[in-house]
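Comments concern the structure below.
What follows is calculated from the coordinates using simple rules that are stated; it is not laboratory data. This one's a predicted model, so the numbers in the text were calculated from it and none came from an experiment. Counting neighbours? That spans all protein chains shown, and the Cβs are built from the backbone with ideal geometry, glycine included.
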Amino acid sequence: MNLIAKYSLITGVLVGAFTNFIACGSQLYKASLADDNGPEEPTQSEANSADPTSTEFGLHAPSGWVNLPVIYKSDRTLSDVQLKALQLAMKTWETAVGKPLFEYKGVHGSITGDSFPDLFSSLSDKINGQYMDTNWSKTGKSKQVLATTIWSNPNNAYQLIDNADIRYNSDLYLITDAIRNSPTDEREVVDMQSLATHELGHLLGLSHIKDSYDSSSIMNPSLIIGEGLATRSISVGDVKRVQKIYGCYGTACDAELTARTIMQSGEHYGLSDKAKAEAAH
Ligand SMILES: [Zn+2]
């Protein structure tokens, strides 16, 4: 998949949770996520995942992980804020299916995203890693890519995943809690929980969903970025699609209720006081 490395300046009414928010003077951006994911080896799953009539619609790995929970480690440079946001994003997907999906095994020694010579080499240690990259050009991805999820399929079976990493572009972006934190340098602020929720969707086996099909899906191939902006929730469709892979347990099986519960369980959408003040002008 090719990255479309561009921003679209949003000057009017934003979609979804932002329908009441008019941007007057403030610059809000949507960053493309079109090229933020991919398997280690090319697969044939793309056609089915893009076909709404297919049972594999929206899924790049319809059978999901070989083993659950997904055991993961974090790069030692992840801040407490980033790690908390990552784990809240994981909690969202666990709530969506009603069972644990992830298990944290601590810091990955001295290994960081910068330890790897290129993008896919981080898969070779078989550790499911969450990595910050401060030298993004090594990944071969465009500067505008916010993060990328990579995975391997056992025996080239695209239906299954046995290893995955997420590499975050902390070279060009300040990836943090965008509701609470302001820029510290020239980097644009990106909300870690919003970005991680999207990337974890890929890690679990979900592919992109066009805005025109489900405009509130976290798997839309774009993300609103900027100080004070977050889209941390998932749609009813996202709940149903992840349940197609992992099933559902208990009250999670009520997809509408589950999506509502997730949205109400935390600060999933938000504008900082500063952004609200700008919007009021
Ligand atoms: Zn994506």
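Assorted remarks:
- Unmet requirement for N155, which otherwise passes all of (1) part of a helix (DSSP H, G or I); (2) surrounded by fewer than 17 Cβ atoms within 10 Å (Cβ to Cβ); (3) within 14 Å of the ligand (Cβ to nearest atom): (3)
- Single residue of D171, D114, D118, D191 found to be in contact with a Ser or Thr (Cβ under 9 Å, 6 or more places away or on another chain) and buried (at least 19 other Cβ atoms within 10 Å of the Cβ): D191
- Subset of the range 221-235 [buried (at least 23 other Cβ atoms within 10 Å of the Cβ), within 15 Å of the ligand (Cβ to nearest atom) and closer than 23 Å to A164 by Cα]: L223, I234
- Those residues of the range 196-209 which are within 12 Å of the ligand (Cβ to nearest atom) and assigned to a loop (DSSP other than H, G, I, E, B), in sequence order: S207, H208, I209
- The residues in the range 96-118 that are in contact with a helix residue (DSSP H, G or I) (Cβ under 9 Å, 6 or more places away or on another chain) and in a strand (DSSP E or B) can be counted, and the count is 2.
- Residue that is farthest from the ligand (Cβ to nearest atom), among those in the range 170-195 that are polar (S, T, N, Q) and touching a residue at least 24 places away in the same chain (Cβ under 8 Å): S182
- Test: R260 is basic (K, R), within 16 Å of the ligand (Cβ to nearest atom) and either crowded, with 23+ Cβ neighbours inside 10 Å or not in a loop (DSSP other than H, G, I, E, B) (or both): no
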